[in-house]
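Worksheet: the structure to be examined is printed underneath.
The values are calculated or read from the model by the stated rules, or taken from the named source; none is laboratory data. The model shown is predicted, which means the values in this text are computed figures rather than measured ones. Quick reminder, even Gly has a Cβ in these numbers, built from the backbone with ideal geometry, and neighbours come from all protein chains shown. With ligands, DNA and RNA removed, areas are computed over all heavy atoms of the protein, side chains included. Shrake-Rupley method; radii C 1.70, N 1.55, O 1.52, S 1.80 Å.
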Amino acid sequence: YRSITESVREINRKVNYLEGTATEINPETKTISCESVVCEGNSCSIEDFSVPYDKLIVTVGAQTNTFGIPGVREHCCFLKQVEDARRIRTAIVNCFERANLPHLSEEEKTS
């Protein structure tokens, strides 16, 4: 899996799940306009599609919210994907390796 959470597809196999971003909801025609990133090899494109619905359930999103705080996206360690956990692990290992260098002062080891 790409996500650290369990795949939603495993919860109810009778439901058809689509991965995409809803860009517009039209309650009059009961359709949702969506876009999805489709990748083939090294090439990716955004494809638009619409989905009709009988009942619409709106839930939490899949994107991490930075609440508009400047610098969060650039300097924060998110933990939503497996790769995020690997990045944090690598950063911690690098800190331990740096702190073990013999020529560093105590202050440099702890900063």
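By the Cβ distance rule of under 4.7 Å, the chain has these cysteines without a partner: Cys34, Cys76, Cys77, Cys95. Remark on Thr64: its backbone amide H falls under 5 Å from none of the residues 5 or more positions apart or on other chains, H modelled at 1.01 Å from N. Annotated for the chain: lysine pairs at least 8 residues apart or interchain, Cα distance under 27 Å, count 4. Taking a temperature of 4 °C and a viscosity of 1.567 mPa s, what whole-number D in µm²/s does Stokes-Einstein yield for segment 16-71 with Rh from Kirkwood over alpha carbon pairs? For these conditions, the coefficient is 96 µm²/s. Helical runs assigned H by DSSP (4 residues or longer) give the chain a calculated mean residue ellipticity at 222 nm of -7000 deg cm²/dmol, each run adding -39500 (n - 2.57) before division by the residue total. Summed over the residues of segment 34-98 and divided among them, the accessible surface reaches 89 Å² per residue at a probe radius of 1.4 Å. This model, with +1 at the C-beta of Lys and Arg and -1 at the C-beta of Asp and Glu, gives the chain a dipole about its Cα centre of some 400 debye.
Here the Karplus relation 6.51 cos²θ - 1.76 cosθ + 1.60, evaluated at θ = phi - 60°, turns the backbone of segment 95-111 into coupling constants of 5, 5, 5, 5, 5, 8, 5, x, 8, 7, 6, 4, 5, 5, 5, 9, 9 Hz, with x for every Gly and Pro. Counting only protein chain heavy atoms and rolling a 1.4 Å probe, the accessible areas of Ile11, Ile92 rank, largest first, as Ile11, Ile92. With all protein chains present, how much of the accessible area of segment 45-111 (probe radius 1.4 Å) comes from carbon and sulfur, to the nearest whole percent? With neighbouring chains kept in place, the figure for segment 45-111 is 57 percent.
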